[in-house]
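Reviewing the structure listed below.
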Amino acid sequence: MASVGRMKLGSQGLEVSAQGLGCMGMSSAYGPPKPEPDMISLIHHAHQIGITFFDTADLYGPFTNELLLGKALKGIRKDVELATKVGIRLADGKMEVHGDPAYVRAACEASLKRLDVDCIDLFYQIRVDTRVPIEITVSVHELLLSCIVLSLLFFLLV
């Protein structure tokens, strides 16, 4: 079996597997949620073949994808890099972009609980809230960075 290489992601020193596993489709977006035992087995298989970078978001499910990944990473958390996203929440069945510091902080704290981890390796913004200056959104990320998040990366997916 071929091995999966490693690479640096960004400039903050985070090193991840060259191939990652985006977990969105396990809980949402592509039909009904897949059976949890099957998805946990898939995540474990990915880890066994060298994939250590796993990506989720609070929006996926919503929330259930983080819960699934948290269960699957029990016992292997120290061996993997975990990414989750912030910036979109559902309100009355509609997606709303949010970048205000109170929301970002609350979303991060909730993600930590759902993932059942002390630290998120990569916590990034899935959409930029154009109503909030990016400096304001980043200010809360910097606070979180000093406390609980190892690396920070913004993806401007507009």
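Within the set of pairs 6+ apart or on separate chains, which have a first residue in segment 73-95 that is in contact (Cβ under 8 Å) with a residue 12 or more places away in the chain, a second that is open to solvent by 90 Å² or more (accessible area, probe 1.4 Å), and C-beta atoms under 6 Å apart?
88/95
Report, by residue number, each residue of segment 13-39 that is over 16 Å from residue 53 (Cα atoms) and in contact (Cβ under 8 Å) with a residue 12 or more places away in the chain.
The answer is 27, 28, 29, 33, 36.
Every residue in segment 110-121 that is modelled with pLDDT of 90 or more and surrounded by fewer than 18 Cβ atoms within 10 Å (Cβ to Cβ), please.
Scanning segment 110-121 gives 110, 113, 116.
Does segment 67-109 hold any residues that are among the acidic types (Asp, Glu), touching a strand residue (DSSP E or B) at 6+ places or on another chain (Cβ under 8 Å) and modelled with pLDDT under 95, and which are they?
Within segment 67-109, the first condition is being among the acidic types (Asp, Glu), and the residues that meet it are 79, 81, 92, 96, 100, 109.
After this cut, where a residue has to be touching a strand residue (DSSP E or B) at 6+ places or on another chain (Cβ under 8 Å) as well, the list is 81, 96.
The one that is among the acidic types (Asp, Glu), touching a strand residue (DSSP E or B) at 6+ places or on another chain (Cβ under 8 Å) and modelled with pLDDT under 95: 96.
The values are calculated or read from the model by the stated rules, or taken from the named source; none is laboratory data. As the structure is a computational prediction, the values presented were derived from the model and not from experiment. All Cβ positions, even for glycine, are placed from backbone atoms using ideal geometry, and neighbour counts span all protein chains on display. The protein model used for the area step is the full one, side chains on, heavy atoms only, and it has no ligands, DNA or RNA in it. Shrake-Rupley method; radii C 1.70, N 1.55, O 1.52, S 1.80 Å.
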